[in-house]
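The structure appears right after this line, and notes come after that.
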Amino acid sequence: MSNEPWKFEANTFLTVTEGRIPLMGEILRDHAPKLERAADEKDTFTPFFIATQTQLTQWESIESAVTNAEAAIPAATAALVDKLESLTRKPDLDTNSPLETWDSTIRSIVAYQGTTYTYLLPHGRETLTAGKQDERVRALKDFATRLEEQTGKAGLIALSVTVLAFHAAAETLADTREEKQNILDDARDALEALRVEVAWQLFANTGIAMTVWNNPNDTFKIGELFDLALIRSEAPPLPAAPGLPTVDETARTATVAVMPENATRLELWREHPGGMPELLAIGEKDALTVTVPAGVTFDPGITYELWMRGRNSRGTGPESPRVGWDT
């Protein structure tokens with residue numbers, strides 16, 4: 001006797017979307033409106049549609065959290081890197097970097113490479129420049145602590161205040177990056193758990209469709225609940241970058257002339273000076289225009305940058321050129 005499971009025990013949706021979160025999103029977005037139309041015709045589908053629509057709402061919320069966190073981490077990392085690099089950056093050719101100034105201050109108070117100097121900077125300036133980013137942030141804190149211990153040397157105590165302020169700013173940036181990473185990790189875990197739940201809901205939806213449409217003249221309708229090409233196809237290439245969008249601030253829309261190659265939908269993004277990239281909306285399938293949701297506000301007097309990105313069942317492609325949005 002074969003130990004292979006009966007083919008109807010296998011959940012195709014669970015299998016094909018394993019490791020392919022974007023594919024599940026595309027399947028779910030495509031399926032929900034089709035199931036809604038089925039519910040309009042047959043009340044039997046109504047509770048299944050309600051459950052599916054609830055999952056779609058959850059999916060879009062968590063997916064946005066993942067997408068925004070993924071976009072925020074590089075910006076948060078760049079801010080931390082810039083802060084740490086500013087320690088050795090000369091403002092101009094005639095001005096010392098902060099680290100050079102700190103070193104000169106210490107040398108003006110204690111002997112260079114003497115006992116106190118070596119205690120404060122055991123590896124010279126590299127004490128504060130070597131190692132990974134998190135290690136450098138900790139090194140700043142430790143350096144400030146050693147300076148604070150020099151109670152008999154007012155100049156070093158004063159320097160400790162300066163170093164502590166620099167460390168505090170760097171630590172805030174490091175904490176922000178860590179927070180974004182934690183948000184991303186948690187959101188990815190939640191989306192993966194939801195993927196499994198959605199797969200079984202789609203499995204149930206298929207089962208009820210087989211119950212409702214069990215007449216040979218109706219069975220074709222079962223397949224019409226899904227885009228079978230999504231389920232059967234290999235992952236496509238990532239989309240190309242869209243062209244320059246045209247924005248209509250009155251209508252609150254952004255439009256491109258043609259859909260990017262390999263894209264099935266468009267994403268609309270924004271960023272304001274000093275802010276993080278933010279996903280505003282995902283367009284309908286094959287739609288060249290994306291509308292800013294009614295709940296999204298733009299602060300007056302600020303020029304935002306807007307751009308678009310193509311997406312498909314594999315993921316999201318590179319961004320379009322950016323355009324300004326003034327309010």
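Every read-out reported here was derived from the displayed coordinates using simple, explicitly stated rules and does not represent laboratory data. Owing to the predicted nature of the structure, the values given are computational and were not obtained by experimental measurement. Cβ: placed from backbone, ideal geometry, glycine included. Neighbour counts: every protein chain shown.
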Residues Lys153, Lys90, Lys132, sorted so that the one with the fewest Cβ neighbours within 10 Å comes first
Lys132, Lys90, Lys153
Straight-line reach from Lys285: which lysines have a Cα under 24 Å away, not including same-chain ones fewer than 8 places off?
Lys34, Lys221
List the lysines whose Cα lies under 29 Å from the Cα of Lys180, skipping any in the same chain that are fewer than 8 positions away.
Lys83, Lys132, Lys141
Using only Cα atoms and rounding to the nearest 10 degrees, what angle (0 to 90) does helix 98-107 make with the longest principal axis of the chain?
30 degrees
Per residue of the range 72-82, in order, report the coupling 6.51 cos²θ - 1.76 cosθ + 1.60 (Karplus, θ = phi - 60°) as ³J(HN,Hα) in whole Hz, putting x for Gly and Pro.
7, 4, x, 5, 5, 5, 4, 5, 5, 4, 5
Scalar couplings 3J(HN,Hα) for the range 111-128 by Karplus 6.51 cos²θ - 1.76 cosθ + 1.60 (θ = phi - 60°), nearest whole Hz, x for Gly and Pro, are 5, 4, 6, x, 4, 5, 4, 5, 5, 6, 10, x, 10, x, 4, 5, 3, 10
With Cα atoms, 0 to 90° folded angle of helix 21-41 axis to the chain main axis:
40 degrees
Please compute, for the alpha-carbon atoms of the range 4-141, the extent along each of the three principal axes and give them in descending order in Å.
88, 40, 22
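Quick one: Ser313, Ser160, Ser104, fewest Cβ neighbours within 10 Å first, how do they rank?
Details: Ser313 25, Ser160 19, Ser104 11.
The most exposed by this proxy come first: Ser104, Ser160, Ser313.
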Amide H contacts under 5 Å for Thr253, restricted to residues at least 5 apart in sequence or on another chain and with H modeled in the peptide plane, are Asp248, Val292
Restricting attention to the range 207-281, which GluC sites (Glu not before Pro) occupy a DSSP loop and are surrounded by at most 16 other Cβ atoms within 10 Å?
Glu224, Glu234, Glu249, Glu261
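Net charge near Met24, counting Lys/Arg +1 and Asp/Glu -1 over other residues with Cβ under 10 Å of its Cβ?
Details: positive: Arg20, Arg29, Arg195; negative: Glu18, Glu26, Glu63, Glu192.
Local charge sum for Met24: -1.
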Identify the residues of the range 100-120 with backbone N under 13 Å of a label point that sits 7 angstrom from the Cα of Thr88 along the Cα-to-Cβ direction, or state none.
100
Based on the alpha carbon coordinates of the range 134-199, what radius of gyration and maximum Cα-Cα distance (Dmax) apply, in Å?
19.9, 69
Could you work out the Kirkwood radius for the chain, taking every pair of different alpha carbons, averaging 1/r and inverting it, reported in Å?
24.2 Å
What do the square roots of 5 times the Cα gyration tensor eigenvalues come to for the range 236-327, in whole Å, largest first, as semi-axes of the equivalent ellipsoid?
22, 13, 11
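Given +1 on the Cβ of Lys and Arg, -1 on the Cβ of Asp and Glu, and no further charges, what dipole in debye does the chain carry about its Cα centre, rounded to the nearest 20?
Working: 31 positive and 49 negative charges, 119 e Å.
Its charge dipole is roughly 580 debye.
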On Cα atoms only, tilt of 133-148 relative to the major axis of the chain in degrees
30 degrees
Calculated from DSSP helices alone, with each H run of at least 4 adding -39500 (n - 2.57) and the total divided by the residues of the chain, [θ]222 nm to the nearest 500 comes to -17500 deg cm²/dmol
